[in-house]
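Here is the structure we will look at, set down as structure tokens.
The values are calculated or read from the model by the stated rules, or taken from the named source; none is laboratory data. In this text, all values refer to a predicted model and were calculated from it rather than measured experimentally. For neighbour counting, all protein chains shown are included, and Cβ atoms are generated from backbone atoms with ideal geometry for every residue, glycine included. Just so you know, the surface numbers come from the protein's heavy atoms only, side chains and all, with ligands and any DNA or RNA stripped out. Shrake-Rupley method; radii C 1.70, N 1.55, O 1.52, S 1.80 Å.
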Amino acid sequence: MAREIAKRLDTIARSDRFIDGRGRSDLIADLEMQHRAIVERISPVDPKTGFDLIWRLLSLTNGLYERCDDSSGRLQDFFHGMGPDVAALAKLAKPDAKDLA
């Protein structure tokens with residue numbers, strides 16, 4: 001499952017297609033599904049992989065803001081809402097501080 005999530009995140013990152021208001025809803029639903037799978041299915045059995053995946057998900061932020069109409073703020077809300085999960089997974093996975101910097 002982790003491999004499939006990683007592939008999906010890579011696909012989203014590589015895309016250069018502009019996302020309009022209609023596409024934004026589908027995108028956010030997709031991102032929420034990936035987020036839930038990471039937090040609920042991957043992280044309980046492998047916190048390090050879960051943290052790596054949630055970090056990759058979070059790293060999509062700038063690229064998506066550049067190519068998405070987020071006039072409603074829903075995409076921003078999604079990424080801001082991930083904060084507690086990122087922090088919780090960081091505590092479990094204990095990533096190297098130098099890597100995070």
Query raised in the report: Among the numbered criteria (1) assigned to a helix (DSSP H, G or I); (2) surrounded by fewer than 16 Cβ atoms within 10 Å (Cβ to Cβ); (3) in contact with a Lys or Arg (Cβ under 8 Å, 6 or more places away or on another chain), which single criterion is violated by residue 75?
Result: (2)
Report summary line: Of the listed residues (90, 6), the one being of a type outside the set (Lys, Arg), under 11 Å from the mean Cα position of the chain (by Cα) and either part of a helix (DSSP H, G or I) or surrounded by 14 or more Cβ atoms within 10 Å (Cβ to Cβ) (or both) is 6
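Any idea which residue in the stretch 29-60 is surrounded by the most Cβ atoms within 10 Å (Cβ to Cβ), counting only those that are within 16 Å of residue 100 (Cα to Cα) and among the β-branched types (Val, Ile, Thr)? Lay out the reasoning, then the answer.
The first filter runs over the stretch 29-60 and keeps only residues within 16 Å of residue 100 (Cα to Cα), leaving 47-60.
Adding the requirement that they be among the β-branched types (Val, Ile, Thr) leaves 49, 54.
On the way: 49: 19, 54: 25.
Filtering the stretch 29-60 for residues that are within 16 Å of residue 100 (Cα to Cα) and among the β-branched types (Val, Ile, Thr), the one surrounded by the most Cβ atoms within 10 Å (Cβ to Cβ) comes out as 54.
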Query raised in the report: Does residue 17 qualify as being open to solvent by 60 Å² or more (accessible area, probe 1.4 Å), at pLDDT below 95 and outside any helix (DSSP H, G or I)?
Result: yes
Requested in this report: Please name all residue pairs, on different chains or six or more residues apart, with Cβ atoms under 9 Å, provided the first residue is in the stretch 16-34 and is farther than 16 Å from residue 77 by Cβ and the second residue is at pLDDT below 90 and open to solvent by 50 Å² or more (accessible area, probe 1.4 Å).
Outcome: 18/69; 20/69; 23/69
Query raised in the report: List pairs: first in the stretch 58-70 and within 15 Å of residue 38 (Cβ to Cβ), second among the aromatic types (Phe, Trp, Tyr), Cβ under 7 Å, 6+ apart or cross-chain?
Result: 58/79
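Determine whether residue 24 is at pLDDT 95 or above and of a type in the set (D, E, K, R). Talk me through it step by step, then tell me what you get.
Details: at pLDDT 95 or above: no; of a type in the set (D, E, K, R): yes.
Considered against the rule, which asks whether it is at pLDDT 95 or above and of a type in the set (D, E, K, R), residue 24 comes out as no.
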